[in-house]
Structures are given as C-alpha cells and as structure tokens.
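Asks: This structure is in structure tokens; I'll ask about it shortly.
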Amino acid sequence: MDDFFAHSQNKVNEKHLLKEHLVSVSKMIEEFSKGMPWADEAFLCGRIHDLGKYADLFQARLRGEASGLDHWSAGAWLAIENQSVASALAVQGHHIGLQKGSLEALRAMNLAVLGKKHPLGLKLSDDDMARLKSRFNSDDLKISKPDELVINPKNGFQNPVADMLDVRMLFSCLTDADFLDTEAHFEGDECGKKYRPPGPPLKAKDALNVLEKYMNGKIRRSSEADNTVQESRNLLWQMCSNAGNSTQGLFTLTAPTGSGKTLAMLKFALVHAAKNENIKRVIFAIPFLSIIEQTASIYGDIFKTFPENYILEHHSLAGLGNEESKNDAENATARARRLLAENWDAPIIVTTNVQLLESMFSNRPSACRKLHNLMNSIIIFDEAQTLPQHIVVPTLAALAHLSRTYGTSVIFATATQPAFDSLNEAVKKSVAVGWQPTEIAIDHERLYRALRRYNVNWPEQGATKDWRTLAGEIKKETQVLCVVNLKSHAAELLKEMESDADIFHLSTNLCALHRRDVLDAIRKRLNTGQPCRLISTQCVEAGVDVDFPVTYRALAPLDAIAQAAGRCNREGQLKDINGKRMMGHVHVFEPAVEGDYHKRYPTHAYFQASEVTRTMLILSGTNNIDLNDPSVFRDYYKRLYDLSKPEAQTPNLLKAFKEVDFVQVAREYRLIEKNAIQVLVPYKAQIGLFKDLDQQAQEGINAKWIRRAQGLSISIYRPKEDHPAWEVLIPVRLPYGKGNSDEWFILEDRDGKLYDDVLGLCLPQAQQILIG
C-alpha cells in the first residue's frame with residue numbers, strides 16, 4: 001500500500017503521514033471537547049477533516065505538481081452523509097472559513113455539484129468518494145455516526161445565535177487541533193513531532209494566597225487613599241470574596257469609581273475558580289488599551305513569581321516596539337507568548353472587547369481557534385457600559401448561551417451598570433435562558449454613599465458656555481480636567497487657552513505612544529502639586545487613573561459624565577487648610593456651538609444618549625441628577641433602550657442570523673467602525689522608530705512591522721477620493737510585489753506641521769474625517 005501524506009517535508013526532511021495526522025487531530029479534538037455531549041461528533045470531525053488528501057492530485061500537490069485544489073469538501077460531504085451538519089461546516093471551513101448553514105448551502109457541498117462548478121474556481125482533489133473511503137479504511141481508519149450532534153438535522157438552526165456559536169465551538173476545536181499538530185510536524189526533529197509546551201495551569205488557590213498577601217502588604221499599608229475610601233474598598237473586597245463561592249453563571253459587579261474594582265474582580269475570579277474546580281482560566285475583556293496595560297501591569301506585579309506567561313496580554317500593543325533581541329532566551333519567550341496568544345492557552349488573559357466578542361461571531365479559523373478555551377472559564381467585562389447598543393442583544397444572547405452550555409461565568413463590571421436585564425425578553429427570543437444576572441456587590445448602594453467625593457454643578461436649562469468663557473474659568477484652576485465631546489471642540493478650546501507648559505491635550509489624534517507620554521507627564525505634575533490643565537476628549541474616561549480636584553464635562557450621555565466625574569478627587573484626598581475632608585467639583589456645561597444638537601456629538605447614538613440625559617435633567621425639577629445613585633443609571637438605561645430599540649438596530653445582522661450565514665454575521669457584527677485606515681505618524685519622541693519603520697516599509701510590510709507600528713499609528717475614517725488628505729498620505733508597500741496597502745499609510749510631514757506636539761495629527765479638514 002502506498003503511503004499518503006498530509007504535509008510536505010519538515011526541516012529534517014520527514015513528511016507528515018496522513019493517517020498519523022488524522023489520528024492525532026481526532027484525539028486532540030476529543031480532549032478539547034471533553035464533557036460536551038457532542039464529543040463523539042468532534043472526534044468524527046477530526047478524523048475526516050482531511051479526507052480529500054487521500055487523493056492522487058493532492059499527493060501530487062505536495063510534490064509541487066498540482067495547485068488550486070479543494071481537499072476539504074470530501075470530508076464535509078462525508079459528514080453530511082453521517083447527518084453531521086456542524087462537522088460538515090467545520091470541515092468545509094477549516095481552510096476557507098465557516099460559510100452558510102442553510103439547507104441549500106449544505107446540499108451544494110455535494111461532490112457531484114462541486115465537480116461541475118466550484119464557487120471558488122478550484123478543482124476537487126478527488127470527486128470519487130468511494131475511492132477516498134477505500135484508502136481511508138485501508139489506513140485502518142474507521143468512523144461511526146455520532147449518537148449526539150451539535151445540530152439536529154431534523155430541527156436545523158432553530159436558535160441561530162446559540163446554534164451558530166455551537167458550530168463555532170466545534171470549529172474552534174478542529175482548527176486548533178489541526179494547527180497544533182501541523183505545527184508539531186514542521187517543528188519536529190529526528191525524534192519526531194515537537195509539540196509546543198502548554199500554558200501554565202491556573203492554580204487558583206495558590207494565586208488567591210498570593211493576592212491576599214499582596215493586599216495585606218503593599219496595598220493596605222501604602223495606599224494613599226483616605227480611611228473612608230479604604231474602608232469601602234475593603235467592603236467591596238469582602239463582597240467579592242463572598243460572591244465568589246457561587247456556582248457558575250451570569251453576574252454583575254456594580255461599584256463606584258475608585259472603589260478598588262480592578263483587584264476586587266480578580267479576587268472574585270480566583271475564589272470562584274477555587275470553588276468551581278473545572279474552571280481553567282480567567283479572561284479580562286477591556287474596551288480601552290490604556291486600561292488593559294494598566295490592569296496587566298498590576299496583575300503582573302502581583303504574580304511576578306509565577307511561571308512565565310501566567311498572564312497573557314492579547315491586543316494590538318502587546319509587545320509594543322520590541323525589537324528582535326540578540327538574546328535567544330528573550331526571543332524564545334516572545335515566541336512562546338505569541339504562540340499562546342493564538343489559542344489563549346494561558347491561565348489569565350487580558351484582552352480587548354473587540355478581540356473577544358468579534359471572535360465569538362467570526363467565521364475565520366484564526367479568530368475562532370481560541371473559542372474552545374472559553375469553555376470552563378471566567379470572563380470579566382470591565383467598563384461594561386461601553387458595549388455598543390446596536391449589538392447588545394445578540395451579544396447578551398451568545399454570552400448567556402456560553403454560560404449555560406459551556407460552564408462559563410460571565411461578569412459585567414462597571415460603575416454605571418446598564419439595565420441589560422430589561423432586555424431579558426428580547427434576549428429570550430434567541431436563547432431560552434435570557435439575561436438575569438446576579439449582583440456580586442449586594443450592598444453597592446452603601447459603597448456609592450460612602451464614596452461621594454465630588455459635588456456636581458449642572459447647567460441651567462438653555463444655558464450655554466462659549467470656549468472663551470470656559471477657557472477663562474479653567475485658567476483660574478491650578479489642576480483641572482476638561483472633557484469635551486469632539487476633537488474639534490478640544491482644538492477650539494486649546495486655541496482660547498493659549499500655549500502654556502501647564503496645558504495638556506489628550507485625544508485619539510495622538511498616537512498611543514504620545515498619549516502614554518502625556519499621561520506620564522500629567523501624573524507626575526498631579527502627584528507633585530504642579531499646575532496641570534488637561535483638555536481631553538472621552539479617551540481620558542473609563543479606567544484612566546488620574547485624579548483632579550476639579551473637572552469640567554460637556555453635556556453627554558450620563559454614563560460618560562459619571563466616568564469623567566470619576567477622575568475628580570478619585571482617591572478622596574482633598575482637604576482644606578484645617579485638614580478636613582473636602583469634596584471635588586464637577587461642572588457640567590453645554591457648549592455654545594452653532595448648529596443642531598446632533599452636530600455637537602460624535603455619533604447619532606451619542607446624541608440620542610445625551611438627549612436622555614437632558615430629558616432627565618428637565619424632569620428632575622431641581623435640575624439635578626445624583627451620579628452616586630445606581631438607580632439613576634437604571635432609569636437612564638431603560639429610557640435609552642426605550643428610545644433606541646437596540647433589539648431592532650441591526651436588520652442586516654438579524655437577516656444574516658436567519659439565513660445562517662456565517663460570513664455575513666462576521667461582517668455585520670462589529671464593535672467599532674471598520675471603514676478606517678491606519679496612519680503612521682512622526683511623533684518626535686519616537687522619531688528613530690518612525691524612520692526605521694518608514695525605511696522598512698519601502699521593502700514591504702509584514703506582521704512584525706504592523707506590530708511595531710501600532711504605537712505610532714492613528715486610525716482615521718477613510719477620506720473621500722478627492723479629499724486633500726491623500727496628498728500627504730503615502731501608501732506602504734505590501735510584500736512580494738503585491739502592490740500598495742489600502743489600509744496602512746505613512747504621513748508625509750515635510751514641514752513638521754501635520755503632526756503637532758500638542759494637537760497630534762492635523763490633516764487638512766481633519767475634524768471631518770478623524771475618528772471621534
């Protein structure tokens with residue numbers, strides 16, 4: 001009998017036997033799906049996924065004698081013959097991504113149909129199923145119809161959000177097992193395949209002991225917070241500890257800014273994992289890179305004695321600016337970190353909302369590969385109020401199904417907890433369990449009362465403030481933060497402030513490295529009592545650890561105002577000349593900007609939410625809203641949902657679910673605007689890195705170039721074709737002579753005026769195209 005191979009020679013000239021590959025992948029995928037009712041189907045999926053490689057044409061391809069082949073459809077059609085719809089989709093998609101699960105699409109997998117006309121213009125490796133089965137069986141490989149299936153073929157996709165997630169879970173098991181075994185072959189040596197080492201275990205009880213020692217030592221002895229703040233943090237700590245002993249499920253953590261939520265939610269997670277021993281990892285999903293880096297730094301300090309890669313950061317700035325080291329050990333560590341990030345094989349993961357949630361609705365193998373590691377985990381969404389309204393219902397539905405079916409606990413943590421449970425009926429239309437979370441901080445009202453650290457001065461109805469008047473008020477303060485809604489507003493206010501060493505600016509007009517340097521300078525001034533006046537957009541809110549005695553905030557969505565207020569007297573340290581505790585001062589103002597209300601805000605959704613705030617101010621009678629009352633935010637969010645109808649905001653996404661179209665669901669489910677380009681900017685403090693990247697771009701960019709460029713890049717909406725910005729945006733080259741990139745550009749700033757030391761990027765008519 002001839003040998004059949006799955007992959008070409010590795011570095012020791014050994015080919016990868018197909019039988020060995022199928023056996024290894026099916027065993028691995030069986031382990032990944034352990035405990036799932038569809039584990040037998042997972043085994044089948046792994047066993048047949050490369051059935052088409054038994055074809056003579058595919059073997060010729062390995063010898064470089066053929067190309068343009070489809071080797072996956074044979075296994076997909078065999079899965080259909082065994083009534084395994086999910087396996088058919090997973091096998092079909094393990095190279096090209098998940099496609100469509102409609103009856104018509106499943107029938108189109110028929111080899112007789114594909115042999116006549118392939119939708120991708122490819123040629124089947126073999127359309128003779130009998131021949132492929134014979135060779136498969138001759139390799140002593142057998143299959144049997146699974147007893148339990150992910151998708152019952154008689155019922156089909158009755159609940160698309162949940163059913164499609166189940167398919168992605170199976171798909172994840174297959175793609176990760178396939179990747180890992182293929183990698184092991186190509187990394188192999190004379191001793192055989194060489195698998196990557198697994199990530200370290202969680203060891204929740206050990207981690208909990210270390211966290212307790214950390215809290216009893218450094219934090220409780222050296223904290224600069226006053227006694228009231230510290231007592232409140234201790235109370236939250238205890239509530240999280242008590243709630244951690246719950247069984248797995250859905251939770252909320254509602255706690256005011258400055259209450260120590262970052263450490264408290266870690267405490268809950270570790271107690272919860274120690275109680276529920278099936279939990280393998282803790283995942284922190286955070287909306288902003290600034291909070292991610294801050295959180296990962298704190299956790300890294302706590303667990304610095306734990307094994308390498310105990311904490312894994314997975315986001316665009318992880319490993320920011322790292323050069324290839326001359327030290328082999330350092331290179332090996334960096335490589336190990338990159339490998340673990342591919343499938344989230346680590347005990348504690350700090351990532352972005354975008355990375356996690358868009359993967360849960362993706363169809364791509366690389367994005368879905370990590371999903372099976374969400375089983376038996378804890379997922380904590382920090383700053384949960386940032387979840388966009390237009391995708392909130394399918395998101396809640398998917399997370400509820402993940403929790404109920406896969407042993408995952410989901411926690412939404414924030415100071416301004418959205419009333420997502422009011423959407424329970426809408427969620428139940430997709431998953432029967434609905435959305436009914438349990439509150440972790442059962443006495444959170446007490447926390448809000450104790451942590452009143454500021455008074456709010458609300459604007460009178462109809463009262464506005466022009467930039468000159470506002471600038472005059474700001475100049476009178478020694479340390480003050482002012483948050484506005486648009487970058488153009490920040491620029492106008494800065495003009496009125498006049499250039500001064502005491503004035504700082506933050507917005508997404510500044511690249512990430514620039515923002516980091518500005519924040520470092522601000523914190524230094526705040527800590528040493530020096531004058532510091534910061535004009536910022538919303539990027540300073542939600543998790544940015546700064547503490548000003550006075551804050552100004554343009555009228556905005558109520559949660560945004562509360563987040564800005566959370567930067568005021570954050571540590572409760574303000575005292576009068578007699579040492580008596582003082583309150584910070586928050587001033588909410590309506591900018592005197594010409595034009596309709598909706599022209600004062602970055603998006604229509606932002607405008608709608610701001611209108612809800614305005615309505616509540618009017619209805620309050622006293623023109624006052626208590627930001628320290630959690631029930632106020634429940635009222636706010638219910639009003640907002642009644643107005644915006646989030647369950648009906650995405651008709652194209654709903655249509656894609658109905659049609660079981662994985663490609664279209666992935667396209668429509670987006671947390672952030674994708675019609676954007678990346679611009680590399682010449683930030684002076686990092687001009688050496690800029691020049692190096694600029695020079696390398698002449699030869700064509702690659703993944704390493706993009707990783708290094710993230711810290712010097714700014715995301716802007718793609719300008720119209722005739723926009724003058726194109727005169728200074730130079731496209732970078734793609735590798736291997738593939739032309740120019742349509743996503744990455746380098747700013748040509750010959751006069752040094754297009755990237756300002758204070759304002760950042762200043763493109764022609766920039767305020768019309770920059771992302772708000």
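Asks: Work out from phi, with θ = phi - 60° and the Karplus expression 6.51 cos²θ - 1.76 cosθ + 1.60, the ³J(HN,Hα) of each residue of the stretch 625-638, listed in order in whole Hz, and give x for Gly and Pro.
Replies: Those phi angles translate into 10, 8, 6, 9, 10, x, 5, 4, 6, 4, 4, 4, 5, 5 Hz.
Asks: Let me ask something else. Taking H placed 1.01 Å from N in the peptide plane, check which residues at least 5 places from LEU312 or on another chain put their amide H under 5 Å from its amide H.
Replies: ILE348, ILE349, VAL350
Asks: Given the DSSP H assignment, sum -39500 (n - 2.57) over each helix run of at least 4 residues in the chain and divide by its residue total; what's the result at 222 nm in deg cm²/dmol, nearest 500?
Replies: Values: 29 runs with 322 residues, N = 772.
Only helices count here, giving -12500 deg cm²/dmol.
Asks: Further question: Of ALA184, SER138, ALA162, whose Cα points farthest to the positive end of the dipole of the stretch 100-224 (charges on the beta-carbon: +1 Lys, Arg; -1 Asp, Glu; origin at the Cα centre)?
Replies: Checking the options against the dipole of the stretch 100-224, the answer is ALA162.
Asks: How much accessible surface does LEU211 have with a 1.4 Å probe, in Å² rounded to 10?
Replies: 0
Asks: Compare the peptides 633-643, 476-486, 169-179 by average per-residue count of other Cβ atoms within 10 angstrom and give them in order, highest first. It would help to have the intermediate numbers written out before the result.
Replies: On the way: 633-643: 18.5, 476-486: 21.5, 169-179: 27.2.
Listed from highest to lowest mean packing, they are 169-179, 476-486, 633-643.
Asks: Mind running the shape call on the stretch 14-102? Use the C-alpha gyration tensor, a ≥ b ≥ c as the square roots of the eigenvalues: rounded below 1.5 for a/c, prolate if a/b tops b/c, oblate otherwise.
Replies: In terms of gyration-tensor shape, oblate.
Asks: Based on the alpha-carbon gyration tensor of the stretch 131-214 and its eigenvalue square roots a ≥ b ≥ c, which shape applies: rounded if a/c is under 1.5, prolate if not and a/b is larger than b/c, or oblate?
Replies: Values: a/c = 3.12, a/b = 1.25, b/c = 2.51.
Verdict is oblate for the stretch 131-214.
Asks: Let me ask another. If I model a spin label as a point 7 Å beyond the Cα along the Cα-Cβ vector, how far apart are those points for LYS638 and LYS145 in nm?
Replies: About 5.2 nm, to one decimal.
Asks: How big is the stretch 146-186 by the Kirkwood estimate over distinct Cα pairs, in Å? Mind dumping the intermediate values first?
Replies: Numbers: mean 1/r = 0.0850 Å⁻¹.
The answer is 11.8 Å.
Asks: Is the shape of the stretch 548-595 best called rounded, prolate or oblate, per the rule: a/c under 1.5 gives rounded, else a/b larger than b/c gives prolate, else oblate, with a ≥ b ≥ c the square roots of the Cα gyration tensor eigenvalues? Please report the intermediate quantities before stating the final value.
Replies: Working: a/c = 4.69, a/b = 2.29, b/c = 2.05.
Prolate.
Asks: Now for a different question. Out of every Cα-Cα pair in the chain, what percent are more than 48 Å apart?
Replies: Working: 65872 of 297606 pairs.
Tail of the P(r) past 48 Å holds 22 percent of the pairs.
Asks: Work through the residues other than LEU481 whose Cβ is under 9 Å from its Cβ and net out their charges, Lys, Arg +1 and Asp, Glu -1.
Replies: Details: positive: ARG533, ARG553, ARG567; negative: none.
Taking every other residue near LEU481 into account, the sum is +3.
Asks: Under 5 Å between amide H atoms, partner at least 5 residues away or on a different chain: which partners does CYS568 have, H built in plane at 1.01 Å?
Replies: It is PHE548, by chain and number.
Asks: Could you work out how far helix 487-497 tilts from the main Cα principal axis of the chain, as a 0 to 90 degree angle to the nearest 10?
Replies: 30
Asks: Extension gain ASP596-LYS645, at 0.36 nm per residue separation less the Cα-Cα distance, in nm? Could the numbers behind the result be given before it?
Replies: Values: separation 49, 0.36 × 49 = 17.64 nm, distance 2.29 nm.
Answer, rounded to one decimal: 15.3 nm.
Asks: Hey, what do the phi angles of the stretch 141-149 turn into as Karplus ³J(HN,Hα) couplings, whole Hz, using 6.51/-1.76/1.60 and θ = phi - 60°, x for Gly and Pro?
Replies: 10, 10, 9, 9, 5, x, 6, 10, 10
Asks: With a point put 7 Å past each Cα toward its Cβ, work out how far LYS524 is from ASP692 in nm, to one decimal.
Replies: 2.3
Asks: Summarise the accessible area of the stretch 485-541 (1.4 Å probe, protein heavy atoms) by the percent that is carbon and sulfur.
Replies: Numbers: 1020 of 2230 Å².
On the stretch 485-541, the fraction of accessible area on carbon and sulfur atoms equals 45 percent.
Asks: GLU20 to SER715: FRET efficiency via 1/(1 + (r/R0)^6), r the Cβ-Cβ distance, R0 51 Å, to the nearest 0.05? Walk me through the numbers on the way to the answer.
Replies: On the way: r = 45 Å, r/R0 = 0.89.
So the FRET efficiency works out to roughly 0.70.
Asks: Would you work out which of HIS401, GLY52, THR537 lies farthest towards the positive end of the dipole of the chain, given +1 charges on the beta-carbon of Lys and Arg and -1 on that of Asp and Glu, about the Cα centre?
Replies: Ranked along the dipole, the leading option is HIS401.
Asks: Just to confirm the filter: which GluC sites (Glu not before Pro) across the stretch 566-650 are DSSP coil and have at most 10 other Cβ within 10 angstrom of their Cβ?
Replies: On the way: sites: GLU571, GLU594, GLU611, GLU647; in loops: GLU571, GLU594.
Counting only loop positions with at most 10 other Cβ atoms within 10 Å, the GluC sites (Glu not before Pro) in the stretch 566-650 are GLU594.
Asks: Also: With +1 on the Cβ of every Lys and Arg and -1 on the Cβ of every Asp and Glu, and nothing else charged, how large is the dipole of the chain about its Cα centre, in debye rounded to the nearest 20? Can you show the working numbers first?
Replies: On the way: 92 positive and 97 negative charges, 179 e Å.
Dipole of the chain, to the nearest 20 debye: 860 debye.
Asks: With charges only on Cβ, +1 for K and R and -1 for D and E, what is the dipole size of the stretch 655-768 about its Cα centre, in debye, rounded to 20?
Replies: On the way: 16 positive and 17 negative charges, 87 e Å.
In debye, rounded to 20, the stretch 655-768 gives about 420.
Asks: Ignoring ligands, DNA and RNA, what percent of the accessible area of the stretch 72-230 is carbon or sulfur (1.4 Å)?
Replies: Numbers: 3750 of 7740 Å².
Accessible surface attributable to carbon and sulfur in the stretch 72-230 totals 48 percent.
Asks: On to the next question. Sum up the charges of everything whose Cβ sits under 9 Å from the Cβ of TRP38, counting Lys and Arg as +1 and Asp and Glu as -1, but leave TRP38 out. Walk me through the intermediate numbers first.
Replies: Details: positive: none; negative: ASP40, GLU41, GLU148, ASP166.
Around TRP38, the surrounding residues sum to -4.
Asks: Which lysines, if any, have their Cα less than 18 Å from the Cα of LYS261, not counting same-chain residues under 8 positions apart?
Replies: Once the sequence-local lysines are set aside, what remains near LYS261 is LYS213, LYS218.
Asks: Next up: Under 17 Å from a label point 7 Å along Cα→Cβ of VAL354: give me every residue in the stretch 663-690 with its amide N that close.
Replies: The answer is 666-681, whose backbone nitrogens lie closer than 17 Å to the label point.
Asks: Could I ask something else about it? Taking the dipole about the Cα centre of the chain, with the C-beta of Lys and Arg at +1 and of Asp and Glu at -1, give me whichever of THR252, ALA105, GLY579 is farthest to the positive side.
Replies: GLY579
Asks: Could you give the dipole magnitude of the stretch 112-215 about its Cα centre, charging the beta-carbon of Lys and Arg +1 and that of Asp and Glu -1, in debye to the nearest 20? Intermediate values should be presented prior to the final figure.
Replies: Values: 16 positive and 18 negative charges, 65 e Å.
It comes to approximately 320 debye.
Asks: Hey, quick one: spin label on ARG131, modelled 7 Å out along Cα-Cβ, who in the stretch 1-38 has an amide N within reach, i.e. under 19 Å?
Replies: 1-6, 18-19
Asks: Send over a whole-number figure in Å² for the accessible area per residue of the stretch 615-766, probe 1.4 Å.
Replies: 54
Asks: How are the alpha carbon pair distances in the stretch 425-481 distributed across 5 Å bins from zero to the largest one, expressed in percent?
Replies: Spelled out bin by bin, the stretch 425-481 gives 4, 11, 9, 12, 9, 10, 10, 11, 11, 7, 4, 0 percent.
Asks: Where Lys and Arg each count +1 and Asp and Glu each count -1, what net charge lies around GLU104 among other residues with Cβ under 14 Å from its Cβ? Please list the in-between numbers first.
Replies: Numbers: positive: LYS100, ARG107, LYS658; negative: GLU659, ASP661.
Neighbour charge sum, excluding GLU104 itself: +1.
Asks: Once the mean 1/r over all distinct Cα pairs of the stretch 453-493 is inverted, what Kirkwood radius in angstroms do you read off? Before the final figure, lay out the partial values.
Replies: Numbers: mean 1/r = 0.0840 Å⁻¹.
Across the stretch 453-493, the inverse of the average 1/r is 11.9 Å.
Asks: Say each of GLU277 and LYS428 gets a label point 7 Å from the Cα, pointing the same way as Cα to Cβ; how far apart are those two points in nm?
Replies: 3.7
Asks: With respect to the cross-link table entries LYS100/LYS655; LYS193/LYS704; LYS599/LYS645; LYS34/LYS280; LYS465/LYS495; LYS53/LYS655, which display a Cα-Cα separation exceeding 24 Å?
Replies: Numbers: LYS100/LYS655 13 Å; LYS193/LYS704 27 Å; LYS599/LYS645 22 Å; LYS34/LYS280 13 Å; LYS465/LYS495 16 Å; LYS53/LYS655 36 Å.
Beyond 24 Å: LYS193/LYS704; LYS53/LYS655.
Asks: Starting at the first residue of the stretch 704-710, write each ³J(HN,Hα) from the Karplus equation 6.51 cos²θ - 1.76 cosθ + 1.60 with θ = phi - 60°, in whole Hz, x for Gly and Pro.
Replies: These are the phi-based 3J(HN,Hα) values: 5, 4, 5, 4, 6, 7, 4 Hz.
Asks: Another one. Given H placed on each backbone N at 1.01 Å, which residues far from HIS7 in sequence or on other chains put an amide H within less than 5 Å of it?
Replies: Those qualifying (amide H under 5 Å, at least 5 residues apart or on another chain) are HIS16.
Asks: Shifting gears a bit: For the stretch 466-596, what is the accessible area per residue in Å² when the probe is 1.4 Å?
Replies: Values: 4950 Å² over 131 residues.
Roughly 38 Å² per residue, with all protein chains present.
The values are calculated or read from the model by the stated rules, or taken from the named source; none is laboratory data. Note that the structure is predicted; figures quoted are calculated from it, not measured. Neighbour counts run over all protein chains shown; Cβ positions are idealised from the backbone, glycine included. Heavy atoms of the whole protein, side chains included, go into the accessibility calculation; ligands, DNA and RNA do not. Shrake-Rupley method; radii C 1.70, N 1.55, O 1.52, S 1.80 Å.
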